[in-house]
Amino acid sequence: MKKNIKLRILLILLFFTFILSSCELFTLSFSSGTSLYNRFFFEGCKIYGQDGVYLGLITGNYYHPESIFNKYGIYGNQYSLTSIFNPNSKYGSKSSAYSAFCNYAAFPPKIFKNGSFIRYLTTNTMRYPFITPYQLIELFKQD
């Protein structure tokens, strides 16, 4: 009888381990649809345009020279051609096929973690998997 209970518990644990490991973003969610885990998940990830152009580093360190949140750096400055926050650039306009902010972008920027693709950075919800720039900003917002 005890063996049977132990076996059942083991099977249940294995089942939940499998489910959780296959669900990459299983976390506690806030009302915005983002989560605490995601901030750490995205920390250190790199963004590339689909034309191969490096678009910066996702980091909570706003002073890092490659940070997309460094308003004085080339990847976070609203006037830089390599910033997703430049509304007049290829990567930040609302109408470019390569933009993170275009709802119909065919080639939005990609996010890589340790050299592997993990998400599109886009407001185009037809590109999966994705995170919007607004969600990323919310995750890394400094108080």
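Of note:
- Residue, modelled with the lowest pLDDT, within the range 131-142, restricted to residues that are of a type outside the set (Ser, Thr, Tyr) and in a loop (DSSP other than H, G, I, E, B): 142
- Filter result for residue 128 (assigned to a loop (DSSP other than H, G, I, E, B), surrounded by fewer than 14 Cβ atoms within 10 Å (Cβ to Cβ) and modelled with pLDDT under 95): yes
- Out of 52, 92, 76, sole residue that is small (Gly, Ala, Ser) and in contact with a strand residue (DSSP E or B) (Cβ under 9 Å, 6 or more places away or on another chain): 76
The values are calculated or read from the model by the stated rules, or taken from the named source; none is laboratory data. From a predicted model like this one, the values you see are computed outputs, not experimental measurements. Glycine gets a Cβ as well: all are built from the backbone with ideal geometry, and neighbour counts include every protein chain shown.
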